[in-house]
Amino acid sequence: MQKYGPYFRELRQSKDVTLAQLAADTGLTEGFISRFERGQSDITVSRFTALLEALNVAIEEFLLGMRHSTTDSEEEEDYSLVRVRKMMPSMAPYFAISEVVKDASQVKSYIDAAEAAYRAKPTRKNHFIWLFYQSMNAILQKPIDNASLARIQAPIMHYLQQVDNWGVYECYLFIAFTPALAPVMTVQLLRIGLKRSRFLKHSPSFEQIDLQLAVAALTSLMARDEMTAAVQVMKMMNGLDRSSANRVIATGFFNGWLQIKLGKRDAGIATCEHAIQQCSDLGLTEWANRFNEILNSLKTTPPTDTIFLYAQF
């Protein structure tokens, strides 16, 4: 709790409370409080609670104020993948390969390094990274190596089915493996994930996690032309919370994308264009451009499929 000291001092001084007054109220010595404020001494929960009570500050208020005080204002508003990566360094191997690997020939070095790491330290985390690289290799084969995918997905499925609550790690694990999961299992795990990750939506950083899960599942299924499962996922996406314009617009665009894949080309294009126009009207230029790129790729012959793994809405 030493890290709380500097902000506690800032808070105490803002309330015009002296060390002497605080010492008198709590029974702690001025020297001890001063060392704590300078980060030179740790403190027990009971003593820290007493200090907060002397300032008439609730612990929740203190933690909220400290977060705003110690976080740059621009970073506080940044709920992008940059921030997620900082918070989840364990997901770095999944992010990295997804951005640089374009064909199977590039995957071998990742597989070899991951296997060596797993052999040296056979943890579940290292095992899953190794399996992820293997799945990428299987997906990039022509034709896709479905036999390998069936083997690879089994431990992932088992783990995600057994976890009582999906934290950030479990959510992004599901997202990373969506291209490798069988259609029926993708739908089943998505239902589980949406239910077991609800608590994450209380955090601004992850309030869109349900939409991210659904989008990864939907686009992975559409890329493999698994349209029956894709329609099921779209129904789940349409039932998600629509409390923000971003969510409404994104959901509309993906509905249009699905229409195009189902052969309703003109209606789907019109739906996508409407969503793009809404983005432009609201100043969401980045998303307008991204959606426009996807729509143009869907208009080509043959259409180019895109999988949204780590999208941020």
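Taken as a whole, the structure places Phe62 among residues that are at pLDDT below 90, surrounded by 14 or more Cβ atoms within 10 Å (Cβ to Cβ) and not assigned by TED's automatic domain parsing to the domain that holds Pro204. Of all the listed residues (Ile192, Ile175, Ile209), the sole one being in the same structural domain as Gln106 (by TED's automatic domain parsing) and over 16 Å from the mean Cα position of the chain (by Cα) is Ile192. Listed by position, the helices (runs of 4 or more DSSP H) enclosed by segment 235-313 that each have at least 2 residues that are under 17 Å from Asp210 (Cα atoms) and either of a type in the set (Gly, Ala, Ser) or in contact with a Leu (Cβ under 6 Å, 6 or more places away or on another chain) (or both) are 245-261.
Mind checking whether some residue in segment 145-163 is assigned to a loop (DSSP other than H, G, I, E, B), free of Cβ contacts under 8 Å to residues at least 12 places away in the same chain and more than 19 Å from Ala311 (Cα to Cα)? Yes: segment 145-163 contains one or more residues that are assigned to a loop (DSSP other than H, G, I, E, B), free of Cβ contacts under 8 Å to residues at least 12 places away in the same chain and more than 19 Å from Ala311 (Cα to Cα).
Quick check on Met91: is it assigned to a helix (DSSP H, G or I), modelled with pLDDT of 90 or more and surrounded by 15 or more Cβ atoms within 10 Å (Cβ to Cβ)? Here the answer is no, as Met91 does not meet what is asked. Among the residues of this structure, Thr186 counts as one that is buried (at least 16 other Cβ atoms within 10 Å of the Cβ), closer than 29 Å to Gly263 by Cα and among the polar types (S, T, N, Q). Would you please name the residue that is surrounded by the fewest Cβ atoms within 10 Å (Cβ to Cβ), looking only at residues in segment 257-279 that are closer than 14 Å to Glu293 by Cα and of a type outside the set (A, V, I, L, M, F, W, C)? Of everything passing the filter in segment 257-279, Gln277 is surrounded by the fewest Cβ atoms within 10 Å (Cβ to Cβ). Between Leu51, Leu28, the distinction of being farther than 30 Å from Leu173 by Cβ, assigned to a loop (DSSP other than H, G, I, E, B) and at pLDDT 90 or above belongs to Leu28 only.
The values are calculated or read from the model by the stated rules, or taken from the named source; none is laboratory data. Only a predicted model underlies this, so the values are computations on that prediction, with no experimental measurement involved. Reconstructed Cβ throughout: ideal geometry from the backbone, glycine too, with neighbour counts over all protein chains shown.
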